[in-house]
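Student: Quick one: this structure, given as structure tokens, is what I'll be asking you about.
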Amino acid sequence: METKPSSANLGAVASVRGSVVDVRFDGPLPPIYSVLRAGTENKIVIEVLAQSDARHARGIALMPTQGLARGMVVRVHPELLLNQALSEPLHDEKNLWEERYGSIVDLERHLHRNGPKIIKFFLHLSKDEQTLKRQRELQSIRKSLEK
């Protein structure tokens with residue numbers, strides 16, 4: 001019996017260090033000792049050994065990790081999912097983009113309050129317009145520093 005991939009059983013490779021693989025999940029983490037599959041045609045088998053935090057699981061690849069790269073999709077073994085009572089999805093798919101955009105805005109506000117200056121580049125401006133805008137901003141910064 002083949003299960004349809006869902007956000008509950010998909011993760012992404014966060015890092016690969018030799019045979020140690022860190023995987024990020026947006027949904028619930030797979031239990032320790034569960035089997036993950038990754039790589040082309042899901043040939044790389046990874047056994048979960050630890051749950052680093054609420055979003056990351058660390059596993060050991062049971063075969064060479066050649067070709068496995070950050071961002072690649074990782075699937076929880078389907079038989080494991082059939083035996084688990086998974087919770088409801090964490091995100092409302094209708095509002096997913098608004099939630100993600102809100103998270104970005106919240107991060108930018110936090111960074112702005114705590115030091116670094118955030119400069120957004122809008123792609124709908126021509127390069128000439130962007131250059132003029134940046135030059136005006138730099139002049140304004142220089143004037144404020146001279147005071």
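The values are calculated or read from the model by the stated rules, or taken from the named source; none is laboratory data. Source: prediction; values computed, not measured. Neighbour counts run over all protein chains shown; Cβ positions are idealised from the backbone, glycine included.
Student: State the number of residues belonging to segment 104-147 that are hydroxyl-bearing (Ser, Thr, Tyr) and at pLDDT below 85.
Tutor: 2
Student: For segment 80-87, does any single residue satisfy the condition of being under 30 Å from residue 10 (Cβ atoms), touching a strand residue (DSSP E or B) at 6+ places or on another chain (Cβ under 8 Å) and at pLDDT below 75?
Tutor: The answer is yes; a qualifying residue exists.
Student: Residues being among the β-branched types (Val, Ile, Thr) and surrounded by 17 or more Cβ atoms within 10 Å (Cβ to Cβ): count how many of those fall in segment 36-46.
Tutor: Residues meeting the conditions: 2.
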